[in-house]
Amino acid sequence: MKTTLTVNGQLRHLDADPRTTLLDALRNHLNLTGSKKGCDHGQCGACTVIVNGRRINSCLSLACMHDSDEVVTIEGIGTPEHLSALQQAFVSHDGFQCGFCTPGQICSATAMLDEVEAGWPSHVSADVTAKQDLTVEEISERMSGNLCRCSAYPNIVDAIMDVAGSAKR
Amino acid sequence: MNPFEYTRAASRHEAATMAAGGATVIAGGTNLLDLMKLEVMTPERLVDISRLDMDDIETTADGGLRIGAMVRNSDLAAHEIVRSTYPVLSRALLAGASGQLRNKASTGGNLLQRTRCYYFYDTAMPCNKREPGSGCQAIGGATRLHAIFGASDHCIATHPSDMAVALQALDAKVEIENATGDIRTVELESFYRLPGNTPHIETELKPGDLITAVIIPPAKGSRQTYRKVRDRASYAFALVSVAGVIEMSDGKIAHASLAFGGVAHKPWRNAEIEQMLLGEAPSQDLFRRVADTLLRNAEAQGDNAFKIKLLHRTLCAVLTELTEG
């Protein structure tokens, strides 16, 4: 099955079995191993990537369904020399222990901040018609699709809060 | 995952024709692909409808809303009219899944997601829903998630959707197009079936039927909420949930629609209790009688006996919240 994706700004061609998930395509066919396979069932969020500006679980999506889509993975968010603001904040706030969930956490948080900017409410918003301030409770709810088995949650929330507060990403 | 042939449908007609020939429709895929990985579902052909032009939300001539089948759960929850006029729907959507899943899951697919019954998911177990006639291991087994209403000797599974519960309280209809291009609408109430002795037949959809939209009439009440009780604060299925739409007039209840999730094979509704509330002044005594009536015919399945009390309390809490002030 021939599929063309734009991954981190580059046109990439793929010829894979239709069963290939977007996650497996990124990791095994395009050698972008930053996105992680945790549960492979959409429960842990380690595979989170940004497709056409939206965060999704790449393990629960077929690569062939993404022909001509734009994909951003952790490799496209920053480099060791040029970290994104969220990546720097995760380092500064010690937002991880083992680091396995971190690429998914950062991709998820990057797109989540855009959702907040667009005025999307959440389950914990008192008023679904109003624009929400990003409180600890709001961040925890909006990031609930990303599990961290080391339970670095307080520092992950601090890192996101830091970047949301400074309004630079 | 078993091998399959993949086709991206160029039109609704092509999708419906392929589905009539036995292909399985894929939209967001968040539930279907999970089930395919576990080989609970093993379609030989997939027809992808995700690029079809069915992702608009439009107001209808009578002041209601027509939601295209491919509208993503996150877009529906964030839609301005939904947030202001149908907040019960926004709330239900936001109570379900995670941000990532809501970005992918579609309106039609959410309606058609399968039960999360552990035995349905475990291919080593018999399951009348997965393999008709093989038996039900949930009966007498682990039943924390299972039904207290409308179950049968063949199946005690629950429908997992939050969105569908809110749509039920809003009197939604499902718009369906078949392979010959005929379009019909079915009330959500009759769209879903109880398990009976055919738990593998979950809806009124026939082979080749494609959900094209969900239509909701103008809201009959401005006081709306969705309360979901679950084992953790976020990203879990409902143990019980209540969708409520209430209108008050001169201190009396002028309209009440209530739907319940996590308790039956379909979003549960009870016309008798809605009737009991009409024209009455709100009181805890009234709410208790209403909840007693709702739960009069509830049947526990072992582990899930707690749901009877839990739903009673949750309903009273929702009615209190929606009739105050």
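Annotations for the structure displayed:
- Counting only residues that are within 13 Å of chain B (Cβ to nearest Cβ) and not in a loop (DSSP other than H, G, I, E, B), segment A:1-14 holds 2 of them.
- Hey, residue B:12 more than 14 Å from every other protein chain (Cβ to nearest Cβ) and within 15 Å of residue B:212 (Cα to Cα) or not: yes
- Cβ-Cβ under 6 Å pairs, at least 6 apart or on other chains, segment A:19-39 side assigned by TED's automatic domain parsing to the domain that holds residue A:58, far side among the aromatic types (Phe, Trp, Tyr): A:36/A:100
- Here A:8, A:31 are screened, and the one residue that is out of contact with any Phe, Trp or Tyr (no Cβ under 9 Å at 6 or more places or on another chain), surrounded by fewer than 15 Cβ atoms within 10 Å (Cβ to Cβ) and more than 21 Å from residue B:98 (Cα to Cα) is A:31.
- Segment B:211-231, residues that are in a loop (DSSP other than H, G, I, E, B) and either modelled with pLDDT under 95 or surrounded by 15 or more Cβ atoms within 10 Å (Cβ to Cβ) (or both): B:219, B:220, B:221, B:230
- When segment A:42-58 is limited to residues that are of a type in the set (A, V, I, L, M, F, W, C) and more than 8 Å from every other protein chain (Cβ to nearest Cβ), the one that is nearest to residue A:144 (Cα to Cα) turns out to be A:44.
- Identity of the residue in segment B:76-104, under 20 Å from residue A:110 (Cα atoms) and assigned to a loop (DSSP other than H, G, I, E, B), that ends up nearest to the other protein chains (Cβ to nearest Cβ): B:98
- Within segment A:42-83, being crowded, with 19+ Cβ neighbours inside 10 Å, touching a Ser or Thr at 6+ places or on another chain (Cβ under 8 Å) and farther than 25 Å from residue B:34 by Cβ holds for one residue alone: A:77.
- Residue within segment B:182-201 that is among the polar types (S, T, N, Q), in contact with a Pro (Cβ under 6 Å, 6 or more places away or on another chain) and farther than 22 Å from residue B:60 by Cβ present: no
- Inter-residue pairs, beta-carbon under 8 Å, first under 16 Å from residue B:324 (Cβ atoms) and in segment B:220-243, second of a type in the set (Lys, Arg) and in a strand (DSSP E or B), 6+ apart: B:242/B:227
- The number of residues in segment B:15-40 that are more than 9 Å from chain A (Cβ to nearest Cβ), free of Cβ contacts under 8 Å to residues at least 40 places away in the same chain and hydrophobic (A, V, I, L, M, F, W, C) comes to 2.
- Number of the exception - residue B:149 against (1) more than 25 Å from residue B:257 (Cβ to Cβ); (2) surrounded by fewer than 24 Cβ atoms within 10 Å (Cβ to Cβ): (1)
- Strands (runs of 3 or more DSSP E) (entirely within segment A:47-117) containing at least 2 residues that are within 18 Å of residue A:4 (Cβ to Cβ): A:48-51, A:70-72
- Taking the listed residues B:257, B:234, the one that is in contact with a His (Cβ under 7 Å, 6 or more places away or on another chain) and at pLDDT 95 or above is B:234, with no other qualifying.
- Selection count, segment B:193-210, where residues are surrounded by 21 or more Cβ atoms within 10 Å (Cβ to Cβ) and farther than 18 Å from residue B:23 by Cα: 2
- Residue in segment A:122-147 that is surrounded by the fewest Cβ atoms within 10 Å (Cβ to Cβ), counting only those that are touching a Pro at 6+ places or on another chain (Cβ under 9 Å) and within 7 Å of chain B (Cβ to nearest Cβ): A:129
- Residue tally, condition out of contact with any His (no Cβ under 9 Å at 6 or more places or on another chain) and either farther than 20 Å from residue A:149 by Cβ or assigned to a helix (DSSP H, G or I) (or both), over segment A:15-41: 13
- Qualifying residue in segment A:95-104 (condition: crowded, with 23+ Cβ neighbours inside 10 Å and within 11 Å of chain B (Cβ to nearest Cβ)): yes
- Taking the listed residues A:160, A:139, A:156, the one that is under 21 Å from residue B:90 (Cβ atoms), out of contact with any Asp or Glu (no Cβ under 9 Å at 6 or more places or on another chain) and part of a helix (DSSP H, G or I) is A:139, with no other qualifying.
The values are calculated or read from the model by the stated rules, or taken from the named source; none is laboratory data. Since the structure is predicted, the reported quantities are computational estimates derived from the model, not experimental observations. Using ideal geometry, Cβ is built from the backbone for each residue, glycine included, and neighbour counts are taken over all protein chains shown.
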